[in-house]
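**Q** Here it is, the structure in full.
Every read-out reported here was derived from the displayed coordinates using simple, explicitly stated rules and does not represent laboratory data. This one's a predicted model, so the numbers in the text were calculated from it and none came from an experiment. Every residue, glycine among them, receives a Cβ derived from its backbone with ideal geometry; neighbour counts consider all protein chains shown.
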């Protein structure tokens, strides 16, 4: 349907913590520091799965080539 907003896959704080392999306490700290995007639904906090995936993608550290070191074993 035209004009219908896309449905978001929102998850609870426990589910979000499991998705990013961190504790609920750590995730609550990220919320308090406004370092992660979240939604307030009444009194509960919800997270969009796409936002959590973006958080993980932003945390990727690419390997650096080391001269003289072969990449395969």
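**Q** Taking 7 Å along the Cα-to-C-beta vector as the label spot, tell me the residue 28-residue 51 distance in nanometres, rounded to one decimal.
**A** The modelled label-to-label distance comes out at 1.8 nm.
**Q** For region 10-58, what class follows from the C-alpha gyration tensor (a ≥ b ≥ c being the square roots of its eigenvalues): rounded when a/c is under 1.5, otherwise prolate if a/b is larger than b/c, else oblate? Walk me through the numbers on the way to the answer.
**A** Working: a/c = 1.35, a/b = 1.26, b/c = 1.07.
Rounded, because the longest to shortest axis ratio a/c is under 1.5.
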